[in-house]
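*Asks:* One structure, pasted below without further comment.
The values are calculated or read from the model by the stated rules, or taken from the named source; none is laboratory data. Keep in mind that what you see is a predicted model, and the values were worked out from it rather than measured. No Cβ is skipped: glycine too gets one built from the backbone with ideal geometry, and neighbour counts run over all protein chains shown.
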Amino acid sequence: MPQRFPIAAIAASPARAAGGPLVPGVVFDAIRMRLVEIGQALTDLPEETGAPNSAQGTSSGGEGLAASPEMRSQLRELSLFPYHLELGRRSDRLPVQLDARLTLLKGSAAQMKRTIMGLVLAATVTLTLSACGSDSGSGGGSGADTIKIGLNYELSGAVATYGQASVDGIKMAVDEINAAGGVQGKQIELVIYDNKSEPAEATTLATKLMTQDNVLAVIGPATSGSFKATIPVANSNKVPVVSGSATADDVTVDANGVQEFAFRTCFNDSFQGTAMANYAAKTLDAKSAVIVKDNSSDYAKGLAEAFKSTFEDNGGQIVGEEAYVAGDTDFNAVLTRVKGLNFDVIYLPGYYQEAGLIIKAARELGIDAPVLGADGFDSPDLLNLAGEAALNDVFFTNHYSSLDQDPKVVQFIEDFKAKYGEEPNAFHALGYDTAKFVADAIERAEELTGQAVRDALASTVDFPAVTGTLSIDENHNPVKDIVVIGLKDGVQATSERI
């Protein structure tokens, strides 16, 4: 049996498409008002007598209705409302049906007005029936046998390795969950999209996942900028969004307070920067440091600020600060200035693409001081870019280390290697943990709605994650440990949980 879909409602976000409630309450009201406006505008048009307009046509001897281009546009919009579309939003029959509707422009004014008002009534009834059973704006992604969870990740573009690794971890977790019986007696169905490492695309896909795919929750994006771009969509649609790696301080809390439907399973930048500053001062006995940061990244700037503040509080001195922007490939000028300074360590907050090139160039210039970084270093491409020889005395904060002997970590590594044939990195582990975290909340939720899942996420205590047991605080951030990893010839050689 075909299901009814008002096309204009679908086109106007956040209406819903195949398989779920079509129109949340707030959107229903707006579209209903539009129907009233169209009906009023069309029926209030003046009637004309005399010769018909040959372009539109009237019946002979009768009154004609003034059919202006604006009127034709409104009729076209109106006529699209009550069409029946099959699942998948098939529209191959639309041209024929639309042509039939446009015959409204033939006939007496009285006949046309009656037909127009009939269309308005039909569209309103369609809209009302569509809204019935809607969750009034509270996301819900449960079908007969499945619960839909959206994945909005960077599967191509600048930081694709983060997204690809996260999704692999999520898929493994969901396979395990489904094999064990699913959640609330239902299997989890993943709806996966590639945001191309672009915040604007991430926003578009968040809207699609929530308003068309009707997911119960969204995991991702991986990076702070893209994740933050999706939060207004989540709050508007009452669908939780959860990131395993968006570390910017203002992800879950901004100037207006806590973001109601945003959560993360990773620690924030301030925590990373503070932890590494303490490690530099207390473990490496560093008294002076140079900061080289990505000035185009909120992530890097947040890390740098936290490191600087804590390092100075520990009695250390920042002897220089240099900057670059994402996409730079020539760092000789920056590093030449750095080489002329006296310092014990370099703090290099940023992503692996530039960090790998900077570390390589620094070593080639004879700068052999320890290089410190954050979780943005954790990519196989860091080794590819810098080379083995350059990656000694390199330390970075992270969420997880494969050297950890915790039984949960050991089991995760064994299972991951059996499934994918490679050693998991932190993004694999964070993706895995985040999927399990969301599933745990769905299992505990009082009902299968976005609001209920949000409440369950917020009340999480002592969740046994691979990256460390976590509880969610009042700001929707996890309370958990951090790991400092040391590299030798590009390979993890030391791991210290602090």
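*Asks:* Any residue in the range 292-312 that's closer than 22 Å to Ala362 by Cβ: show its pairings with residues that are assigned to a strand (DSSP E or B) and acidic (Asp, Glu) at Cβ separation under 7 Å, as long as the two are six or more apart or on different chains.
*Replies:* What qualifies is Val292/Glu322; Ala300/Asp294.
*Asks:* Of the residues Val479, Val483, which single one is touching a strand residue (DSSP E or B) at 6+ places or on another chain (Cβ under 6 Å), surrounded by fewer than 16 Cβ atoms within 10 Å (Cβ to Cβ) and not assigned by TED's automatic domain parsing to the domain that holds Val174?
*Replies:* The match here is Val479.
*Asks:* Right, here's the next one. Given the residues Asp433, Asp489, which is the only one that is within 26 Å of Ala275 (Cα to Cα), surrounded by 20 or more Cβ atoms within 10 Å (Cβ to Cβ) and acidic (Asp, Glu)?
*Replies:* Exactly one of Asp433, Asp489 is within 26 Å of Ala275 (Cα to Cα), surrounded by 20 or more Cβ atoms within 10 Å (Cβ to Cβ) and acidic (Asp, Glu), namely Asp433.
*Asks:* If you scan the range 436-462, which residues turn out to be surrounded by fewer than 20 Cβ atoms within 10 Å (Cβ to Cβ) and in contact with a helix residue (DSSP H, G or I) (Cβ under 6 Å, 6 or more places away or on another chain)?
*Replies:* Residues satisfying the conditions are Arg444, Glu446, Ala456.
*Asks:* Go through the range 350-381 residue by residue and tally those that are part of a loop (DSSP other than H, G, I, E, B) and at pLDDT below 95.
*Replies:* 4
*Asks:* Which condition number in (1) of a type in the set (S, T, N, Q); (2) at pLDDT 95 or above; (3) surrounded by fewer than 22 Cβ atoms within 10 Å (Cβ to Cβ) is the one that Thr397 fails?
*Replies:* For Thr397, the failing item is (3).
*Asks:* Any idea which residue in the range 294-312 is surrounded by the most Cβ atoms within 10 Å (Cβ to Cβ), counting only those that are over 14 Å from Ala248 (Cβ atoms) and not acidic (Asp, Glu)?
*Replies:* Only one residue fits best here, namely Phe307.
*Asks:* Please go through the range 463-485 and pick out each residue that is among the β-branched types (Val, Ile, Thr) and under 20 Å from Tyr279 (Cβ atoms).
*Replies:* Listed by number, the residues that qualify are Thr467, Val479, Ile482, Val483, Val484, Ile485.
*Asks:* Let me ask you something else. For the range 321-339, enumerate the residues that are touching a Leu at 6+ places or on another chain (Cβ under 9 Å), of a type in the set (Val, Ile, Thr) and farther than 18 Å from Pro370 by Cα.
*Replies:* Residue satisfying the conditions is Thr329 alone.
*Asks:* Looking only at the range 225-266, how many residues end up being out of contact with any helix residue (DSSP H, G or I) (no Cβ under 6 Å at 6 or more places or on another chain) and part of a helix (DSSP H, G or I)?
*Replies:* 7
*Asks:* Identify the residue in the range 152-197 that is among the small types (Gly, Ala, Ser) and assigned to a helix (DSSP H, G or I) and, among all such residues, is nearest to Leu385 (Cα to Cα).
*Replies:* So, considering only residues that are among the small types (Gly, Ala, Ser) and assigned to a helix (DSSP H, G or I), the one nearest to Leu385 (Cα to Cα) is Ala160.
*Asks:* When the residues of the range 211-224 are filtered to those that are touching a strand residue (DSSP E or B) at 6+ places or on another chain (Cβ under 7 Å) and more than 18 Å from Thr161 (Cβ to Cβ), which remaining residue is surrounded by the most Cβ atoms within 10 Å (Cβ to Cβ)? Don't jump to the end; show me each part of the working.
*Replies:* Let us first name the residues in the range 211-224 that are touching a strand residue (DSSP E or B) at 6+ places or on another chain (Cβ under 7 Å), namely 213-222.
Cutting the leftovers down to more than 18 Å from Thr161 (Cβ to Cβ) gives us 213-218.
Details: Asp213: 21, Asn214: 24, Val215: 30, Leu216: 27, Ala217: 28, Val218: 34.
Applying the filter and picking the extreme gives Val218.
*Asks:* Of the residues that sit in the range 455-498 and are without any contact (Cβ under 8 Å) to a residue 40 or more places away in the chain and part of a loop (DSSP other than H, G, I, E, B), which one is nearest to Val438 (Cα to Cα)?
*Replies:* Residue satisfying both the conditions and the ranking: Thr460.
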